[in-house]
Amino acid sequence: MAGSDRAASDFDRLVAFNREQLQAHARERFRDGGGTQPSVTRVVAGEAEAVFKDYADSAWLMRWFAPLFVYREATALQRLAGLDGIPRCYRRVDGLGILIEYLPAPKWSRSQPTPAAHERLERLLADVHARGVAHGDLRGSGNILLRADGQPCLVDFVARVHRGRPWNRPWNAIFRAFCEADRNALAKLKLRWAPELATAEETRRAEHRGWPARFARAIGVGVRRLVRLLVRQPER
């Protein structure tokens, strides 16, 4: 079998794996599941590889919400399909997991981004917004990766906000506010890692913390506290 045919066969096999097969083919664990967090592993079948994000080991409350989280991420990735720097969504796995493209790229904080990388990141975010998606969780650099070729990547779209239909002006105002929060997050990132590149406008953006960022943080903190309360083991 030719190399390209073998790779295609391996990919088809990997994408068709059930949960048990995906777990059996795990080769690298990026994060353990538990509490509010899903497990994130790299799975390999021959020449094919992917990332399996799985809520099966999360707290029961998170498993109850998992189909919604998986749906949100899958629909965002499908809307952004074809953008360089956005992982492809291969499929959802029984409502509790999602199989996506593996991007061999370290986190932004572990890289040495060049001025060109910062410009590419801004263009990528603009393209994401143009497709009608606000990321919603770029406050830290954990969801931003940087490939060896200098192309930034965005991952983890669970907190995304989609643009509404043209007649839905109230929702589109919310969408624009979250896009603004994304841009403010990038300005803060630039001010932290490359302050010499930041303009006066970006410095102003970095210091601004609008209601979308405060709201997202409050929701995240509230959910984590609720899960810890509900899954806490009784004292003996």
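Structure above, values below:
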read-out: Within region 52-112: Cβ-based charge dipole about Cα centre, in debye rounded to nearest 20 (Lys, Arg +1; Asp, Glu -1); value: 120 debye
read-out: Most positive-pole-ward Cα, Val155, Trp167, Gly85, against dipole of the chain from beta carbon charges; value: Trp167
read-out: Using a Förster distance of 45 Å, the FRET efficiency for Ser9-Leu68 (Cβ separation, nearest 0.05); value: 0.85
read-out: Backbone HN-Hα couplings from phi across region 129-136 [Karplus 6.51/-1.76/1.60, Hz, Gly and Pro as x]; value: 5, 5, 7, x, 10, 9, 5, x
read-out: Inter-label distance for Arg192 and Asp32, nm, one decimal - labels placed 7 Å from Cα along Cα-to-Cβ; value: 2.5 nm
read-out: Accessible area in square angstrom per residue, the chain, 1.4 angstrom probe; value: 56 Å²
read-out: Cα gyration tensor category, rounded, prolate or oblate, for the chain with a/c compared to 1.5; value: oblate
read-out: Accessible area in the full protein assembly, largest first, 1.4 Å probe, for Phe69, Phe30; value: Phe30, Phe69
read-out: The chain, relative contact order in percent, only Cα pairs under 8 angstrom and at least six apart counted; value: 15 percent
read-out: Protection-proxy order for peptides 40-53, 164-177, 140-153, each taking the mean of Cβ atoms within 10 Å per residue, highest first; value: 40-53, 140-153, 164-177
read-out: Separation of the Glu119 and Ala81 label points, Cα + 7 Å toward Cβ, nm; value: 3.2 nm
read-out: Computed E for Thr199/Val44 - FRET, C-beta separation, R0 35 angstrom, nearest 0.05; value: 0.20
read-out: Inter-site label distance for Glu20 and Arg131 at 7 Å from Cα along Cβ, in nm; value: 3.5 nm
read-out: Overall dimensions of region 19-151 by Cα: Rg and Dmax, Å; value: 15.3, 44
read-out: Carbon/sulfur fraction of accessible area - region 112-156, other protein chains in place, 1.4 Å, %; value: 47 percent
read-out: Pairwise FRET efficiency - Gln112 versus Trp171, Cβ, R0 = 45 Å, nearest 0.05; value: 0.70
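The values are calculated or read from the model by the stated rules, or taken from the named source; none is laboratory data. Predicted model, so just to flag it, every value in this text is computed and none were measured. We place every Cβ from the backbone using ideal geometry, glycine too, and count neighbours over all the protein chains shown. Each accessible area value is taken on the protein alone, full model and side chains, heavy atoms only, with ligands, DNA and RNA left out. Shrake-Rupley method; radii C 1.70, N 1.55, O 1.52, S 1.80 Å.
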